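Shown next, in structure tokens, is the structure this report addresses.
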């Protein structure tokens with residue numbers, strides 16, 4: 001059993017939990033993920049790692065309520081336990097596999113959308129700890145749903161907040177903010193890391209392709225086992241089929257077939273389920289990036 | 001009970017029409033009278049060929065003699081000297097090509113039903129609460145086993161009986177490997193059979209740590225150097241599912257057999273109490289002809305679908321067990337033999353609508369002696385489908401080989417291990433089962449686990 005040591009509401013149906021999982025905490029690296037199964041009857045739910053403390057044996061997860069299982073997860077209390085918690089899964093971020101010298105020559109921009117802010121945080125924090133300055137954009141529909149702003153401010157050289165409605169920071173979405181920085185302010189980036197809803201990663205990748213900036217995205221498709229066994233998470237990346245769980249979750253954003261990935265993500269969503277989500281959560285359930293027509 | 005020495009005692013089964021709509025076990029097994037009657041058919045050869053046909057060399061005439069005399073507990077202890085999983089093997093071993101293929105009775109008439117007798121013995125022992133006998137003394141040496149499938153459980157069981165301190169590391173949340181996630185309930189009941197046999201292995205003192213991915217959470221080198229294990233056995237199983245590389249294969253409704261079976265068997269998606277969904281499908285096409293293809297097809301059937309199996313060779317080449325093919329046909333699965341998919345059709349939303357196939361004919365035998373299928377030009381035709389299940393085998397999972405220094409793999413990316421003792425290119429590291437051979441059978445994996453247990457014991461007794 002894996003005990004919930006801390007539970008905190010962030011915003012916009014997004015929750016943070018500290019989980020006691022010494023084996024995972026000891027070996028996990030930024031970019032990797034875990035799978036949580038709450039109880040005997042539960043699904044295996046893949047979640048990105050937001051933070052970890054190897055010495056204390058703690059892994060921090062952040063999740064958004066998007067359906068029945070995450071709703072149930074949010075009802076767990078501090079002191080209660082999840083039955084299964086497995087990880088770290090997937091490959092560590094490509095960036096942290098580079099040497100610090102190489103990284104210091106880079107100029108990196110992280111772009112976070114919605115709950116995708118959580119997996120960016122450990123990467124930005126790792127950069128800070130290794131003396132590498134990075135810029136971070138947090139994009140959100142409106143001010144109230146921004147998460148991890150204070151944490152991110154401590155680790156980013158420059159933090160840019162962009163809201164669709166202009167209620168906080170720059171008025172516009174993540175792409176508008178990139179355009180503002182690169183085209184208007186003349187910032188030069190050698191690398192972009194975009195993590196958030198697939199639709200947001202798609203549009204950031206389209207833009208950075210135009211701007212000729214190599215871009216990494218972190219994919220979160222449907223998974224079952226998370227260890228390469230089932231192939232549910234397969235993606236078209238360039239000419240190849242890749243499994244997000246063992247080959248990823250990070251891929252070259254300019255090669256990922258996002259339209260196919262988004263179609264596959266909807267496989268188990270029924271019309272009824274979508275209607276329920278629209279009713280309950282408005283447009284926020286798909287991240288509120290502003291690029292969605294739904 | 002009357003016995004015709006040339007004919008085996010038939011085993012009772014659920015009626016095809018009834019079982020096609022439930023997940024209960026198809027084969028009901030022998031009762032006491034049937035088992036004792038069948039046991040009389042064994043002539044207890046002095047030089048038993050059946051034992052040579054068994055990958056774990058069970059003393060078959062020995063246990064059958066005990067059954068004939070009604071000593072069922074004794075029969076269990078005879079089998080248990082050789083096999084940790086008799087209730088499993090009695091159900092899923094391909095006896096017709098192993099022990100029973102060598103049975104002298106089979107020269108004229110039916111071979112003795114060794115598998116059904118083994119199953120009877122194991123099931124009776126379970127009902128009577130008979131457990132395997134643990135080691136009297138611990139030897140203080142620690143062995144780590146990677147994977148709790150048939151290879152790992154066998155290796156663990158054998159070493160535990162010799163007094164080793166055994167920990168099995170399992171990546172999934174549940175032990176059993178393919179016995180839990182792959183083989184369906186109607187062929188291998190989970191709580192009654194698989195869980196019970198795993199409990200038996202645990203009763204020998206074996207510890208099982210689930211949710212631990214070796215190669216990610218901890219490496220083989222860390223197990224040896226930091227966690228104090230004296231040797232490691234890798235029985236991590238088959239790995240990543242293969243796809244064909246045809247257009248439309250990423251459409252919604254195309255699954256690997258591994259995914260489909262994992263959802264149904266491990267996650268119990270067929271049961272509404274469990275949260276994991278499965279798309280049952282109304283018209284399902286399963287591509288492939290192995291046991292896994294039969295399992296996927298018969299699972300889809302039980303979830304309410306019309307099911308076709310598409311296989312590129314002819315019936316004679318079907319790699320699945322004869323019994324599985326026979327059961328599948330009885331239940332109403334349609335076989336499209338000498339047929340190969342060339343494209344999967346999808347609608348605007350990306351959902352599968354059908355599959356385009358081409359007819360094949362068998363050409364000249366290839367280097368392996370099997371006649372290779374050749375396309376018949378212009379013979380394309382369509383099969384309507386909303387679900388396509390690809391059952392084309394697997395390729396090895398790189399998780400362990402890529403994180404273990406000095407562990408040799410072959411050009412198919414399988415771990416290289418000696419067949420006789422499971423030793424690998426790395427000292428103190430042994431391997432066996434599908435991780436070494438590529439996808440094979442439960443019993444071959446058990447044979448490899450057994451050989452490695454012997455190898456590890458010799459290595460650590462030096």
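The values are calculated or read from the model by the stated rules, or taken from the named source; none is laboratory data. Everything quoted here is computed from the prediction, not taken from an experiment. Cβ placement follows ideal geometry from the backbone for every residue including glycine, while neighbour counts extend to all protein chains displayed.
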Test: residue in segment A:215-232 that is more than 30 Å from residue B:392 (Cβ to Cβ) and either under 14 Å from the mean Cα position of the chain (by Cα) or within 14 Å of another protein chain (Cβ to nearest Cβ) (or both) | yes
Count - residues of segment B:170-187 that are more than 14 Å from every other protein chain (Cβ to nearest Cβ) and over 15 Å from residue B:89 (Cβ atoms) = 3
For segment A:142-215, list the helices (runs of 4 or more DSSP H) that sit wholly inside it and hold at least 3 residues that are in contact with a strand residue (DSSP E or B) (Cβ under 7 Å, 6 or more places away or on another chain) and touching a residue at least 12 places away in the same chain (Cβ under 8 Å); which are they?
-> A:174-179, A:198-210
Could you tell me whether residue B:280 is within 10 Å of chain A (Cβ to nearest Cβ), more than 19 Å from the chain's Cα centre (by Cα) and assigned to a loop (DSSP other than H, G, I, E, B)?
-> no
So residue A:284 fits all but one of (1) under 24 Å from residue A:137 (Cα atoms); (2) modelled with pLDDT under 90; (3) within 11 Å of chain B (Cβ to nearest Cβ); what number is the exception?
-> (3)
Among the residues of segment B:382-404, is there at least one that is free of Cβ contacts under 8 Å to residues at least 60 places away in the same chain and part of a loop (DSSP other than H, G, I, E, B)?
-> no
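Within the bounds of segment A:92-109, is there any residue that is within 14 Å of another protein chain (Cβ to nearest Cβ), modelled with pLDDT of 95 or more and surrounded by fewer than 24 Cβ atoms within 10 Å (Cβ to Cβ)?
No, segment A:92-109 has no match at all.
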In segment A:70-82, which residues are within 14 Å of chain B (Cβ to nearest Cβ) and touching a strand residue (DSSP E or B) at 6+ places or on another chain (Cβ under 6 Å)?
-> A:70, A:81, A:82
Looking across segment B:188-224 at residues that are more than 14 Å from every other protein chain (Cβ to nearest Cβ) and more than 24 Å from the chain's Cα centre (by Cα), the single one that is surrounded by the fewest Cβ atoms within 10 Å (Cβ to Cβ) is B:205
Across segment B:405-439, what is the total count of residues that are buried (at least 17 other Cβ atoms within 10 Å of the Cβ), without any contact (Cβ under 8 Å) to a residue 40 or more places away in the chain and within 14 Å of chain A (Cβ to nearest Cβ)?
-> 0
When restricted to B:109, B:140, the only residue assigned to a loop (DSSP other than H, G, I, E, B), over 25 Å from the mean Cα position of the chain (by Cα) and closer than 26 Å to residue B:162 by Cα is B:140
Answer yes or no as to whether residue A:239 is within 14 Å of chain B (Cβ to nearest Cβ), at pLDDT below 95 and farther than 30 Å from residue B:173 by Cα.
-> yes
In segment B:336-380, how many are in contact with a helix residue (DSSP H, G or I) (Cβ under 7 Å, 6 or more places away or on another chain) and either over 30 Å from residue A:269 (Cα atoms) or not assigned by TED's automatic domain parsing to the domain that holds residue B:287 (or both)?
-> 2
In segment A:251-262, what residues are in contact with a strand residue (DSSP E or B) (Cβ under 6 Å, 6 or more places away or on another chain) and modelled with pLDDT under 95?
-> A:260, A:261
